[in-house]
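Notes to accompany the following structure.
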Amino acid sequence: MESSEAPLLERQNSGQTPSDASEDLERGLDSGAGHDFRHLIDSQPEAVIKFLEKKGMKQLGSFSVPDTAVLPLIRGTGMLTLGSQQRNIDFEPEWRRKMQVFLDPAHASKKAKGWTGKIEVEAHVVTIRNAAAADDAGLLNPLLKRWQDQACSQMVFGLPAVQSVINFKWDRWARKLLLLEFAFYMVWLLAFQVFMLLFQDEDLSLTLSQLVETKRGIITVASEALALLGMTPFIYIEICTVLEYGPKRWLSIWNLMDLATYFLQIAIDVLHLSRLNVRSEVLSILVASQCLLLWLKIQYFARVFQPTKNAFVDTLRSVVADVKWFLLFLVLTMWGFAGAFYILFREDQQQFQEFSTIWHAWLTMFNFMVSGFEFGIFYDCHNPEAAICLVVLYMFVVAVIFLNLLVGIMTDSWSKVKDNEGLRFLCSKAEVIDEIETVVPQWVKNRNPEWYPAYIHVLKVNPESADEVEMDSMWSRIGGNRGESILDDKTELNVKLAKITKQLEALQAAMDIQGKKPVNGQSASANAQSGQQGSDDSKDDDIQAERQETFGKSG
């Protein structure tokens, strides 16, 4: 007898087609406890994504429930998930048990504002065993690493099987743990804000012992210690993430910013409590930088909680990636103009501080770019003709060409982010889930086996039974002008494409039915057509006779 731990497929089996490979994979994944996502990767890595796409989900059946019982539960994700140790379950009682509160007639009557109707829901199952397993034994961790290596598209997170695992983990435990992480972060942030406000007016001549003798000093030191305590879990999270993903995958601008906040917090505490260089501007610069970075990190949590899914951090990351080389060229161009103005104003540097040094000249160029020009400076210099010509050239190159190109590039970047916001939202959730999973101690995972069931079951609404208005049934035009439409152009185009798609599908179905008719059916059709032809000929003869009779009478 073959062991259940045997590979699902032999690599490059001779004469085996991709469809055969998928069937062998599905049979193997359903046959034994050892056949999970890890075995799927080891046995046929080339077929992993295709298998997730074609065979990742299987429909078990469907049933009808009151719409008020299921719609409130799936709002936001479009599905319900539950874990089970069995792939094939008696799905209807299981799902009705999960929706028991909402199925209660008394509850439904309280919630329903208009009326309650029946809606058809479909029960599905993720076909891969242990898809929700922890770390690299499950589905998310290997997919994230492959995506970070740019070996697969972000669209893989939109596959139904991957979506189901993300939503199950998020609803089951990840959301709660992220809220706990956010609570620690708010302790860190608020404690540091208290320290910053108290440090603003602190008497820097006091020693530490003298400082803690005052009530204000005690609160300052306590808030400083509390901020350090709130930061500690995040250092642990960062270390676990580096160990799991490695320095190469971990290294990014955002992780470097996180690392900077840790070093800044420690440096601020050391300098303040030791009273070393407490009078210098170094400590003030460090506190100001930390304040900015801590507020920016809130976007890390907002990207998976905010309903608009348009997180500032992800948008900024996309924009910076698209404009970084353009910005470098813009800075170098401004540096060239700054050098030119610095030379032209060498005899006026005492009178005009804007060009007294090369750095002042560059800052003046930046100020001119964003806020406009002061032409009086150029009229009063020793070389006004050359200065005016140079400033006109600068206005045309930088203010007219470069700034408009920059706006165009940023608009295009924002549009790309907006178009893929659903996938990016799922990908952000997957990243957060995997990061939390890497830091959860093993004993916590062992005490919560319900976090990692063998199979994920999914309940979704049948789109055909949803009580929604077909957009092509709307009177979208209010008036005669295109600008008076209640739908934007993109939505109208999508509606028209959807309508054409439905017509093509109906036509294809009719052609399929026609092609499946038996031969005797075709003979019957031919006889019917010949009979119809004979009938038509008879009608033509009658019409001709009637005409002859009519003309004869008139003659």
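Data for the structure
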read-out: Exposure of THR357 as accessible area (Å², to 10), given a probe of 1.4 Å and all protein chains; value: 50
read-out: Nearest-20 debye value, the range 50-101 charge dipole, Cβ charges on Lys, Arg, Asp, Glu; value: 260
read-out: For the range 159-175, Karplus couplings with θ = phi - 60° (6.51, -1.76, 1.60), whole Hz, Gly/Pro x; value: 5, x, 5, 6, 4, 5, 5, 4, 5, 5, 5, 5, 6, 6, 8, 5, 4
read-out: Over 19 Å [Cα-Cα, the range 271-395], rounded percent; value: 66
read-out: Solvent-accessible surface ranking, highest first, for PHE373, PHE263 at 1.4 angstrom; value: PHE263, PHE373
read-out: Largest to smallest accessible area among MET196, MET334 [probe 1.4 Å]; value: MET196, MET334
read-out: Distance violations [Cα-Cα > 22 Å] among LYS54/LYS118; LYS176/LYS445; LYS55/LYS499; value: LYS54/LYS118; LYS55/LYS499
read-out: Equivalent-ellipsoid semi-axes of the range 92-251, from the Cα gyration tensor, Å, largest first; value: 47, 28, 12
read-out: Among TYR262, TRP359, VAL320 - extreme Cα towards positive end, dipole of the range 259-415, charges at beta-carbon; value: TYR262
read-out: Amide hydrogen neighbours beyond the local backbone of THR357, cut-off 5 Å, H modeled; value: none
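The values are calculated or read from the model by the stated rules, or taken from the named source; none is laboratory data. This structure is a prediction, so every number in the text was calculated from the model and none was measured. Ideal geometry is used to build each Cβ from the backbone, glycine not excepted, and the neighbour counts take in all protein chains shown. We work out accessible area using only protein heavy atoms, side chains counted, and drop any ligands, DNA or RNA first. Shrake-Rupley method; radii C 1.70, N 1.55, O 1.52, S 1.80 Å.
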